[in-house]
Each structure stands twice: as structure tokens, then as C-alpha cells.
1. Looking at (1) over 18 Å from residue 262 (Cα atoms); (2) surrounded by fewer than 20 Cβ atoms within 10 Å (Cβ to Cβ); (3) polar (S, T, N, Q); (4) at pLDDT 95 or above, which one does residue 244 not meet, given that it meets all the others?
2. Does segment 61-82 contain any residue that is outside any strand (DSSP E or B) and among the charged types (D, E, K, R)?
3. From the set of residues in segment 39-48 that are modelled with pLDDT of 95 or more and surrounded by fewer than 17 Cβ atoms within 10 Å (Cβ to Cβ), which is farthest from residue 370 (Cα to Cα)?
4. Filter segment 30-60 down to residues that are hydroxyl-bearing (Ser, Thr, Tyr) and either in contact with a His (Cβ under 8 Å, 6 or more places away or on another chain) or part of a strand (DSSP E or B) (or both) and give me whichever is farthest from residue 349 (Cα to Cα).
5. Can you spot a residue in segment 49-64 that is surrounded by 10 or more Cβ atoms within 10 Å (Cβ to Cβ) and at pLDDT below 80?
6. Does residue 229 qualify as being modelled with pLDDT of 95 or more, over 19 Å from residue 109 (Cα atoms) and either buried (at least 16 other Cβ atoms within 10 Å of the Cβ) or in contact with a helix residue (DSSP H, G or I) (Cβ under 7 Å, 6 or more places away or on another chain) (or both)?
7. Got at least one residue in segment 185-194 being more than 18 Å from residue 149 (Cβ to Cβ) and surrounded by 18 or more Cβ atoms within 10 Å (Cβ to Cβ)?
8. Taking segment 245-260 as the search range and keeping residues that are more than 19 Å from residue 130 (Cβ to Cβ) and charged (D, E, K, R), which one is nearest to the chain's Cα centre (by Cα)?
Amino acid sequence: MKKTILFLLLLSFVCKAQSPETKKDDAAAKLKITIKGLFQARYSFNNDKDIDLTGLHHTDSLAVYNGFDIKRARLLFASKISDRTEVVLLVNLADFKNDPKNKVLENAYLTYKLSNYINFKIGQFRPAFGLENMYSVDVIKSMDYSNQYSAFGSNGWQSFQIGASVYGTIKGEHTINYALSVVNGNNRNQVMDADNGKQFSSRMDLLLNKKYNLKAGLNGAIGSVYKSDVYAAGIDLSGVLPFSEKWSLLFEAEAKQGNNHVLFYKTPVANRIQNVSQYQMQGMYFLPDLRYDVNYHRLTSLEFSCRYEYFDPNFKNNSNPRQTFTPMISAEFLKSYNARIQLGVIIDRYKKNSIETTQYSNEQFIIQIQSRL
């Protein structure tokens, strides 16, 4: 008993003897950890009862054409471990509703800032390619990302990839942002690369006009997939046109083209047409977003948008372009999309409808609640 009391007194003395500087350093280290997040829940229903919520056409009248869904439940942890180094982790807990294999973990990378001109990143991240990759993961301009974002992501150019990057900013009257990335190209959370080839991408965007935040972007990429040469390229433009103190028009436009090597290797060898160069996808979208700043109580703004998309996953040998219209009304509460209610419809039109596939024209209505933590 005496030994126990003596040990507790000694432990108390050591704790009290800890220097104030050490306590301050520990407290400062804890304060450098930030937690953010995104929550998205929606109710969707399809106008055609033979098409389910994934867009798959059914001939057996068994389509699940309406339902509630948690689209995203993201948590982001960022720790600035020094004045030059930061570690970022991002998980999407909504992925647990399906098979979480190769999912859940989205961002997991370390950045090192050498200067404004040169920075390094390594881990799992979204490489700088395409306009949609340049927005924070918790900011989605329309009901969801574009069709071409999903396609170029599955082909290793966009979305979450494993690799390394060097990037920086050259400030001036026309500020230039640049990035060079090299990734495995077989998407996130893989045990190892699928082959020895790598995919290299680059992006440069130029500030054309500070008043309108008018930016032009140029994207280029090359790589090797199973010893086949692949490429991707794109251009984009974005800006804000203020009409008055309360009214403004935000707009963005993008066009991209590249090999659809995922489709090529997914096609049975007997049915393939020549080589991967014959499997190419192309797309473009234009998103005008009319914003009215209300600033009445907790209602910050109202937005009215309608994104138009054109995307063809295989335009060279089996073309079936998809046109998508996404009209949407959005009410923003608080600021910076911290709370948002969206009402919209995704209208898909295919040149050729194919029964019992996802290539079938339909209209899906969505009511979505979004909150940034």
C-alpha cells in the first residue's frame, strides 16, 4: 500500500514538473488537427417504372425505381505537422452500404511545401486533370459530378488515384497554376498496381481576368496500360459574371477526349476491334449557374442551374452518344454550401436505346439535402 502511494506521489510530481513549453507544444500540436466533412442524403424516383435508380432498364417489371439513399458521408482529417508538411485523410462512410472493398478510403496523402512555386504530394489523391478535380471534394456544383468525370476517373485520369505529384503557383497579373502527376492508374485502395505501366498527367490554368475570376485550363496526359499507349486531353473555362449586388452568373465549360482502355480490356478478345487506339471517348459539358444572394435570416442564396452534357464512350467504332440535361433549383443556408437543399431532375437521352442495359433514355427526379461540417 505504501509503495502504491509513493508511486502515485512520484507520478504526480513528474507531471507537475513538466515544463510549460512542453505543454504548450502539445496543445499547439493538437490544435493543428482539423476535421471536416460532407453529408448528402437524397430521395430519387425514376419517371419510367421499368428503369431502376442505377439507370438499368428492366423487362421483368422488377425495377426499383424510387428510394432513399445516403450518397456521401465523408470525414476529412488534416494535420499540419510542420510549417511545410501536412497529412490529409478522407473517408466516405457511405461506401459501407455496399461492398467496401477498394472503397471507403478516398484521400490519404502527404504534402510538402518547398515554396509557392514547388510543392510535392504523395499518396492517394485526385490528380490535377480536368476542372472538376480542382474543386474541394465537399463542393459539388450540380446534383453530382459529370458523366465524363466518372468515365475518365475509371480510366485512371480523374477521381482518386495512387501516385505522386509536383505542383505550384506563379503569381502575377495573370496567375498560373501548374501540376504534374504520375499515378498507377488503376484507381484507389489497390493492393498493388495492375501492371508496370504508369499514367502521367499535367494541368496548367491561367487567370485571364481577376475581376471575373476568369480562368482557362489546359490538360494533357499520356501513359501505358498493359503495354498499350494511352492518352487523354482536355480544355476548360470558368468564371463569374456579376450583374448587380445580388445577382451573378457562375459558369464552367469543359471538353475532353481520350482512350477508353477500360472498355477495350473489358471487351472479350474475340469481339475486340483492332487495338486500344480504336476505343476512344469524348465529351463536353456546360454549366451556367444563376445565383441570387438573399441573405435573409439563415437563407444565404438561391441558385438556378441547368448543366448540359454530351458524352460518347466509344465514338470511333460503336458510337452511342448520351446527352444529359440537369436542371436544378438550390437553396443555400448559412455560407459556402454548409447547408443546402437541392431539387432537380437528371434527363438522359441516348441516340440508341438498348434494352436491359444502362443505355436507355430516362428521367430521374432528385430531392437532395447536403451539409458541410
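1. Result: residue 244 passes all but (4).
2. Looking for residues that are outside any strand (DSSP E or B) and among the charged types (D, E, K, R), one finds none in segment 61-82, hence no.
3. Among residues in segment 39-48 that are modelled with pLDDT of 95 or more and surrounded by fewer than 17 Cβ atoms within 10 Å (Cβ to Cβ), the one farthest from residue 370 (Cα to Cα) is 45.
4. 34
5. The answer is no, given that none of the residues of segment 49-64 is surrounded by 10 or more Cβ atoms within 10 Å (Cβ to Cβ) and at pLDDT below 80.
6. No, not satisfied.
7. no
8. Among those residues, the one meeting the criterion is 246.
The values are calculated or read from the model by the stated rules, or taken from the named source; none is laboratory data. Note that the coordinates shown come from a computational prediction; the quantities given were computed from them, not determined experimentally. Every residue, glycine as well, gets a Cβ built from its backbone with ideal geometry; the counts of neighbours run over all protein chains shown.
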